[in-house]
Amino acid sequence: MAYVISDACISCGTCKDACPVGAISEGDSQYQIDAAACIDCGTCAGECPTEAIKPE
């Protein structure tokens with residue numbers, strides 16, 4: 001089960017820097033997680049200042 005980023009994302013980039021496998025990239029309006037690359041570790045969710053990242 002991969003994590004997903006909600007509309008609460010403020011595009012700060014904290015999650016991208018925290019991801020150990022590089023599964024997060026900047027999208028058009030917010031960051032997004034590549035479900036195929038996500039290892040479900042939750043590191044990004046723990047670092048997100050707006051709690052925009054949740055398990056899918």
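The values are calculated or read from the model by the stated rules, or taken from the named source; none is laboratory data. Keep in mind that this is a model prediction, so the values were computed, not measured. Don't worry about glycine lacking a Cβ; one is built from the backbone with ideal geometry, like all the others, and counts go over all protein chains shown. Only protein heavy atoms, including side chains, enter the accessible area calculation; ligands, DNA and RNA are left aside. Shrake-Rupley method; radii C 1.70, N 1.55, O 1.52, S 1.80 Å.
Only Lys, Arg, Asp and Glu count, each charged at its Cβ (+1, +1, -1, -1), so figure out the dipole size of the chain about its Cα centre, rounded to 20 debye.
80 debye
In the chain, which Cys residues have no partner Cys with a Cβ closer than 4.7 Å?
Isolated Cys, the chain: Cys9, Cys12, Cys19, Cys38, Cys41, Cys48.
Tell me, what is the per residue accessible area of the chain in Å², probe radius 1.4 Å?
Ligands and nucleic acids excluded, the figure is 62 Å² per residue.
Counting Lys and Arg as +1 and Asp and Glu as -1, what is the net charge of the other residues whose Cβ lies under 13 Å from the Cβ of Lys16?
Overall, the nearby charge balance is -4.
For Rg/Rh (Cα atoms, Kirkwood Rh), one of (1) 0.89; (2) 1.02; (3) 1.05 was computed from the structure I shared and the rest are decoys. Which label?
Among (1) 0.89; (2) 1.02; (3) 1.05, the one calculated here is (1).
Which net charge results for the neighbourhood of Cys38, defined as the other residues with beta-carbon distances under 14 angstrom from its beta-carbon, given Lys and Arg at +1 and Asp and Glu at -1?
Net of charged neighbours comes to -1.
Relative contact order, percent, of the chain when contacts are C-alpha pairs under 8 Å separated by at least 6 residues?
Relative contact order of the chain: 50 percent.
Please list, in chain and number order, the residues 5+ apart from Tyr31 or on another chain whose amide H is under 5 Å from its amide H, with Hs placed from the backbone.
Those qualifying (amide H under 5 Å, at least 5 residues apart or on another chain) are Ser11.
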